[in-house]
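The values are calculated or read from the model by the stated rules, or taken from the named source; none is laboratory data. Given the structure is predicted, the values throughout are model-derived calculations rather than measurements. Please note: Cβ atoms are built from the backbone with ideal geometry, for glycine as well, and neighbour counts cover all protein chains shown. Note: areas computed on protein heavy atoms with side chains; ligands, DNA, RNA excluded. Shrake-Rupley method; radii C 1.70, N 1.55, O 1.52, S 1.80 Å.
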Amino acid sequence: MPLNTTTLPDFMTGTIVQASDIRNRLDTIQQFLNGQIGSSELSGTSWVDHTHVISPEFYGAPSRRTVSTSFHAWHRRSIPEGSSTDFVVRHEDFANPAFGSESDSDFSAIRDAAATIHVPPIDTGGTVGMAIWCNWYTYNSEGTLSAATDLESNLTDHIAAAFRIFVDDTGYTESTRYLHATTSWGDEAAERIHRKDMSTCVWIPSISGGPHSVALKMLVFKTPAGVRDWKHVWVGPRFFEVEIFLL
Amino acid sequence: MAHKFYQRYVQEGDITDPRDWTLNQQDLIEEFNGRLDRDNIDQSVVTTTMIKGNAFSIIRNVDHAEGAADVALEGGTIAWRSGDGTNTLGRIEVDLSSAALVWVWWSGYWEWTGGGFPSSISSISSVNTVRFRLTIDGIEVSRIHKSPGYRLFDCGFCVGSLAVDPGPHVIEVQAKMFIQPTNAAVQTAIFCTVKARDLVMWARRQ
Amino acid sequence: MARITLQDISIGDAISSAETNTTLQSWRDQSINVDNENVRSEGLHRRNFAANAVVTPPNSNQYVSAPLGSMSINSATPVLVDIAGTPQVIGPFSFDLTDTNAELLVFGSLQYRNGSHPVGVTSTSAGVWNMRLCYSTTASTGPWTGIDETLRKTGFGFVPPNTIYRHGSISWAHRFGPIATTSSLYFGIQVWEPRAARLIKIEYTTLHAIYVQR
């Protein structure tokens with residue numbers, strides 16, 4: 001609401017000043033101050049700096065997150081310290097289904113690569129965008145897939161596990177990463193060849209206000225009966241970052 | 001200072017007192033002259049052009065194409081290191097005047113060479129690995145855990161973040177090699193050369 | 001700076017409209033220049049800011065992904081990744097050269113897979129797959145310029161045939177510098193294998209860019 005000669009006129013010389021004349025002008029200024037300083041009243045040159053905005057709040061373990069004016073972010077990671085073994089392991093013995101028959105409900109979250117987030121109420125449009133980045137280390141062990149197998153012809157026959165980003169139990173298939181089975185080639189030291197650093201990222205264009213679960217999930221596939229091409233799937237160091245963009 | 005209401009109400013029949021005007025104006029003017037906040041300003045009115053540069057974000061990066069800036073990591077050194085004495089894997093120094101959440105991403109590719117490696121499957125036991133970590137002020141925030149030398153060319157990506165206080169900060173990429181040589185001469189002749197790489201930092205201040 | 005000046009009136013002064021009007025004029029003059037000296041520290045809330053005042057997230061043309069399908073690439077020269085008939089291309093982006101604070105961050109990711117070495121290859125003839133981001137300042141169909149800093153390679157040395165699956169993933173985060181043109185900026189992913197034609201499968205790709213204004 002602009003303050004101009006129409007909305008805030010001068011007192012006219014020679015006229016009797018009524019109490020209402022004084023009140024009206026004070027009321028106009030008061031109304032202006034109480035929420036009606038609009039875009040046309042703000043200087044158009046750059047003047048807002050970080051001191052004018054509330055400082056971000058950082059929350060630590062066990063649920064690391066950052067709450068700020070223009071964004072909220074959630075951070076998860078697991079880094080091995082020395083000889084510690086904070087690995088996640090899943091076993092083919094309990095796996096189901098076989099490759100090609102899986103659905104989102106077959107996946108399960110990986111510890112330290114998952115977060116329950118809360119998106120604040122969105123005034124305009126109802127949704128905001130979200131970015132998810134993650135990288136992790138994974139491998140499978142003690143399988144019996146022969147190195148003499150015709151791997152060239154069997155690209156889909158020996159996928160030990162799948163990884164995928166999920167938001168509220170909906171998997172984003174474009175983020176899928178496969179772990180192929182280790183073969184018997186080489187000795188124990190050579191198994192390092194088969195271990196994999198993986199990464200994925202995904203853009204979620206709209207996520208609504210309220211609580212949501214975001215996670216990197218994994219699924220160990222079932223091997224055919226009598227075949228143990230892989231036994232254990234391990235996930236080692238993992239890093240999971242989520243950000244919603246509010247401004 | 002939230003909503004503001006003038007205190008002295010002027011009504012018909014009152015004796016004219018200039019303080020009714022002056023003090024009321026003073027209240028309102030004091031609000032305007034430096035105490036305006038979210039309750040005074042309308043919603044959705046502050047636009048991009050009204051915001052100073054770096055008020056919310058500070059972005060820095062250092063990236064290299066393959067070539068003169070390659071980092072040749074020699075197999076004889078097994079400690080964490082940030083470069084080869086000539087070139088660095090990735091380093092950003094930034095001085096922040098406010099607390100911030102610092103996002104960092106690093107990706108790159110590397111090639112193993114030297115020492116006749118790898119020449120045949122008879123040297124299977126000589127599988128060597130390289131790992132990378134992304135640090136902020138010396139604190140590891142992400143890593144590429146292990147890449148074996150039998151992947152003659154390999155690449156990786158890592159992402160991390162850390163909340164930091166105001167002041168100077170250093171983002172640095174470091175590498176560490178595990179060499180299983182048959183002898184020391186072979187060890188020092190093996191190189192893992194890091195080539196094209198990209199380090200990006202986004203400090204989110206508000 | 002927009003500060004109101006109060007024209008004081010004290011008891012004993014002669015009443016005149018001049019003093020009150022001076023104050024009112026100050027209100028009218030300064031109320032259209034609200035700036036940093038009027039707003040208190042930590043005074044602004046998210047609600048005061050216009051949408052996307054700080055970051056412009058990608059619109060529907062500025063992010064792409066491939067949840068289904070794959071592309072088998074067998075080329076010694078860069079090939080633009082196109083999966084199931086959908087080129088993995090984003091844009092157009094407009095780069096405001098007048099805004100020196102604007103930044104464009106590009107993020108992408110993909111999975112690569114194939115079998116093993118064919119019989120007969122050696123460490124010097126084995127496949128080395130090259131992957132990188134690229135951009136065009138002309139159209140979504142190119143011509144494309146590779147971003148050399150984003151080149152990523154993967155390939156085995158001497159590994160016998162049918163011994164190990166070659167698979168993995170790569171992601172990128174790249175700060176794209178300002179360029180001469182201000183619009184029609186597109187990004188894509190290129191893959192090729194310069195040593196010897198050797199098939200690789202590219203799938204599960206994502207690509208998006210975030211325009212950071214402040």
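Sort out which residues of region C:115-160 are within 7 Å of another protein chain (Cβ to nearest Cβ), outside any strand (DSSP E or B) and modelled with pLDDT of 80 or more, and write them in order of number.
Of everything in region C:115-160, those that are within 7 Å of another protein chain (Cβ to nearest Cβ), outside any strand (DSSP E or B) and modelled with pLDDT of 80 or more turn out to be C:VAL128, C:ASP148, C:GLU149, C:THR150, C:LEU151.
Take the conditions more than 9 Å from chain B (Cβ to nearest Cβ) and open to solvent by less than 30 Å² (accessible area, probe 1.4 Å) and apply them to A:VAL88. Does it pass?
Numbers: more than 9 Å from chain B (Cβ to nearest Cβ): yes; open to solvent by less than 30 Å² (accessible area, probe 1.4 Å): yes.
So A:VAL88 passes the test.
Could you list all residues from region B:52-65 that are charged (D, E, K, R) and either surrounded by 19 or more Cβ atoms within 10 Å (Cβ to Cβ) or touching a residue at least 60 places away in the same chain (Cβ under 8 Å) (or both)? Explain how you work it out, then say what you get.
Kept after step one, since they are charged (D, E, K, R), are these residues of region B:52-65: B:52, B:60, B:63.
The answer is B:ARG60, B:ASP63.
Criterion first (open to solvent by 20 Å² or more (accessible area, probe 1.4 Å) and in contact (Cβ under 8 Å) with a residue 24 or more places away in the chain) does B:ALA68 satisfy it?
Details: open to solvent by 20 Å² or more (accessible area, probe 1.4 Å): yes; in contact (Cβ under 8 Å) with a residue 24 or more places away in the chain: no.
When the stated conditions are applied, B:ALA68 does not pass them.
Scanning for something more than 36 Å from the chain's Cα centre (by Cα), at the interface with another protein chain (Cβ under 7 Å from one of its Cβ atoms) and modelled with pLDDT of 85 or more, does region A:1-11 turn up at least one residue?
yes
Read through the list (1) open to solvent by 40 Å² or more (accessible area, probe 1.4 Å); (2) at pLDDT below 95, then give the number of the only condition that B:SER126 fails.
(1)
Of the residues C:SER31, C:SER70, C:SER75, C:SER60, only one is without any contact (Cβ under 8 Å) to a residue 60 or more places away in the chain, of a type in the set (S, T, N, Q) and more than 15 Å from C:ILE210 (Cβ to Cβ); which?
Numbers: C:SER70 fails: without any contact (Cβ under 8 Å) to a residue 60 or more places away in the chain; C:SER75 fails: without any contact (Cβ under 8 Å) to a residue 60 or more places away in the chain; C:SER60 fails: more than 15 Å from C:ILE210 (Cβ to Cβ).
Just a single option satisfies the conditions, and that option is C:SER31.
Only one of (1) in contact with a Lys or Arg (Cβ under 9 Å, 6 or more places away or on another chain); (2) part of a loop (DSSP other than H, G, I, E, B); (3) among the small types (Gly, Ala, Ser) fails for C:ALA2. Which number is that?
All conditions pass for C:ALA2, except number (1).
Condition check: more than 8 Å from chain B (Cβ to nearest Cβ), open to solvent by 50 Å² or more (accessible area, probe 1.4 Å), out of contact with any Leu (no Cβ under 6 Å at 6 or more places or on another chain) and among the β-branched types (Val, Ile, Thr). Does A:THR45 satisfy that?
On the way: more than 8 Å from chain B (Cβ to nearest Cβ): no; open to solvent by 50 Å² or more (accessible area, probe 1.4 Å): yes; out of contact with any Leu (no Cβ under 6 Å at 6 or more places or on another chain): yes; among the β-branched types (Val, Ile, Thr): yes.
When the stated conditions are applied, A:THR45 does not pass them.
Residues of region A:147-195 being at pLDDT 70 or above, open to solvent by 10 Å² or more (accessible area, probe 1.4 Å) and among the basic types (Lys, Arg), which ones?
Once the filter is applied, which keeps residues that are at pLDDT 70 or above, open to solvent by 10 Å² or more (accessible area, probe 1.4 Å) and among the basic types (Lys, Arg), region A:147-195 yields A:ARG164, A:ARG195.
Which residues, counting only those in region A:98-120, are within 14 Å of chain C (Cβ to nearest Cβ) and within 17 Å of the chain's Cα centre (by Cα)?
A:VAL119, A:PRO120, listed by residue number.
Within 12 Å of the chain's Cα centre (by Cα), modelled with pLDDT of 95 or more and among the charged types (D, E, K, R), is that true of B:ASP165?
Values: within 12 Å of the chain's Cα centre (by Cα): no; modelled with pLDDT of 95 or more: yes; among the charged types (D, E, K, R): yes.
So B:ASP165 fails the test.
In region C:47-57, what count of residues is obtained for those that are buried (at least 21 other Cβ atoms within 10 Å of the Cβ) and without any contact (Cβ under 8 Å) to a residue 60 or more places away in the chain?
The number of residues fulfilling the criteria is 2.
Name the single residue, out of those in region B:89-101 being in a strand (DSSP E or B) and facing chain A (nearest Cβ under 10 Å), that is surrounded by the fewest Cβ atoms within 10 Å (Cβ to Cβ). Explain how you work it out, then say what you get.
Let us first name the residues in region B:89-101 that are in a strand (DSSP E or B), namely B:91-96, B:100-101.
With the extra rule that they be facing chain A (nearest Cβ under 10 Å), the set shrinks to B:96, B:100-101.
Working: B:LEU96: 18, B:ALA100: 28, B:LEU101: 23.
Checked region B:89-101; the qualifying residue surrounded by the fewest Cβ atoms within 10 Å (Cβ to Cβ) is B:LEU96.
Being open to solvent by 10 Å² or more (accessible area, probe 1.4 Å), within 12 Å of chain C (Cβ to nearest Cβ) and part of a loop (DSSP other than H, G, I, E, B) is true for just one of B:THR86, B:THR16, B:THR49. Which residue is that?
On the way: B:THR86 fails: within 12 Å of chain C (Cβ to nearest Cβ); B:THR49 fails: part of a loop (DSSP other than H, G, I, E, B).
Exactly one residue qualifies, and that residue is B:THR16.
Which residue out of A:ALA95, A:ALA61, A:ALA19 is facing another protein chain (nearest Cβ under 7 Å) and of a type in the set (A, V, I, L, M, F, W, C)?
On the way: A:ALA95 fails: facing another protein chain (nearest Cβ under 7 Å); A:ALA61 fails: facing another protein chain (nearest Cβ under 7 Å).
One residue alone meets the criteria, A:ALA19.
Criterion first (more than 25 Å from C:ILE210 (Cα to Cα), outside any strand (DSSP E or B) and either at the interface with chain C (Cβ under 9 Å from one of its Cβ atoms) or modelled with pLDDT of 90 or more (or both)) does A:GLY226 satisfy it?
Details: more than 25 Å from C:ILE210 (Cα to Cα): yes; outside any strand (DSSP E or B): yes; either at the interface with chain C (Cβ under 9 Å from one of its Cβ atoms) or modelled with pLDDT of 90 or more (or both): no.
Against the criterion (more than 25 Å from C:ILE210 (Cα to Cα), outside any strand (DSSP E or B) and either at the interface with chain C (Cβ under 9 Å from one of its Cβ atoms) or modelled with pLDDT of 90 or more (or both)), A:GLY226 does not qualify.
Filtering region A:48-79 down to residues that are open to solvent by 40 Å² or more (accessible area, probe 1.4 Å) and of a type in the set (Val, Ile, Thr), which residue is farthest from C:ASN48 (Cα to Cα)?
A:VAL67
Residue-by-condition table, conditions (1) touching a His at 6+ places or on another chain (Cβ under 9 Å); (2) without any contact (Cβ under 8 Å) to a residue 24 or more places away in the chain; (3) over 20 Å from A:PHE107 (Cα atoms):
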position: A:ILE207; (1), (2), (3): no, no, yes
position: A:PRO211; (1), (2), (3): yes, no, yes
position: A:VAL214; (1), (2), (3): no, no, no
position: A:LYS217; (1), (2), (3): no, no, no
position: A:VAL220; (1), (2), (3): yes, no, no
position: A:GLY226; (1), (2), (3): no, yes, yes
position: A:LYS231; (1), (2), (3): yes, no, no
position: A:TRP234; (1), (2), (3): no, no, no
position: A:PHE239; (1), (2), (3): yes, no, no
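Within region B:66-83, work out how many residues are in a loop (DSSP other than H, G, I, E, B) and either under 19 Å from B:THR113 (Cα atoms) or among the basic types (Lys, Arg) (or both). Can you show your working first?
Step one: list which residues in region B:66-83 are in a loop (DSSP other than H, G, I, E, B), which gives B:66-70, B:75-80, B:82.
Checking which are either under 19 Å from B:THR113 (Cα atoms) or among the basic types (Lys, Arg) (or both) leaves us with B:66-70, B:75-78.
Final tally of qualifying residues: 9.
Out of C:THR181, C:THR163, report the one residue that is at pLDDT below 85, under 17 Å from the mean Cα position of the chain (by Cα) and either assigned to a loop (DSSP other than H, G, I, E, B) or surrounded by fewer than 20 Cβ atoms within 10 Å (Cβ to Cβ) (or both).
Values: C:THR163 fails: under 17 Å from the mean Cα position of the chain (by Cα).
Exactly one residue qualifies, and that residue is C:THR181.
Report, by residue number, each residue of region C:6-28 that is within 9 Å of chain B (Cβ to nearest Cβ) and in contact (Cβ under 8 Å) with a residue 12 or more places away in the chain.
C:LEU6, C:GLN7, C:GLU19, C:THR20, C:THR23, C:SER26, C:TRP27 - these are the residues of region C:6-28 that are within 9 Å of chain B (Cβ to nearest Cβ) and in contact (Cβ under 8 Å) with a residue 12 or more places away in the chain.
How about region C:66-110: which of its residues are open to solvent by less than 10 Å² (accessible area, probe 1.4 Å) and β-branched (Val, Ile, Thr)?
Listed by number, the residues that qualify are C:ILE73, C:VAL81, C:ILE83, C:ILE90, C:VAL106.
Please go through region B:28-44 and pick out each residue that is in contact with a Gly (Cβ under 9 Å, 6 or more places away or on another chain) and either open to solvent by less than 10 Å² (accessible area, probe 1.4 Å) or more than 8 Å from chain C (Cβ to nearest Cβ) (or both).
Of region B:28-44, the ones in contact with a Gly (Cβ under 9 Å, 6 or more places away or on another chain) are B:35-43.
Listed by number, the residues that qualify are B:LEU36, B:ASP37, B:ASP39, B:ASN40, B:ILE41.
Yes or no: C:ARG3 within 30 Å of B:HIS3 (Cβ to Cβ), open to solvent by 60 Å² or more (accessible area, probe 1.4 Å), touching a residue at least 24 places away in the same chain (Cβ under 8 Å) and out of contact with any Leu (no Cβ under 9 Å at 6 or more places or on another chain)? Don't jump to the end; show me each part of the working.
Numbers: within 30 Å of B:HIS3 (Cβ to Cβ): yes; open to solvent by 60 Å² or more (accessible area, probe 1.4 Å): yes; touching a residue at least 24 places away in the same chain (Cβ under 8 Å): yes; out of contact with any Leu (no Cβ under 9 Å at 6 or more places or on another chain): yes.
Yes; evaluated as a whole, the condition is true for this residue.
For A:ARG111, state whether it is among the basic types (Lys, Arg), touching a residue at least 40 places away in the same chain (Cβ under 8 Å) and on the phi < 0 side of the Ramachandran plot. Working first, answer last.
On the way: among the basic types (Lys, Arg): yes; touching a residue at least 40 places away in the same chain (Cβ under 8 Å): no; on the phi < 0 side of the Ramachandran plot: yes.
So A:ARG111 fails the test.
Go through region B:135-158 and count every residue that is of a type in the set (Phe, Trp, Tyr) and not in a strand (DSSP E or B).
The first filter runs over region B:135-158 and keeps only residues of a type in the set (Phe, Trp, Tyr), leaving B:150, B:153, B:157.
From what is left, the residues that are not in a strand (DSSP E or B) are B:150.
Total satisfying the criteria: 1.
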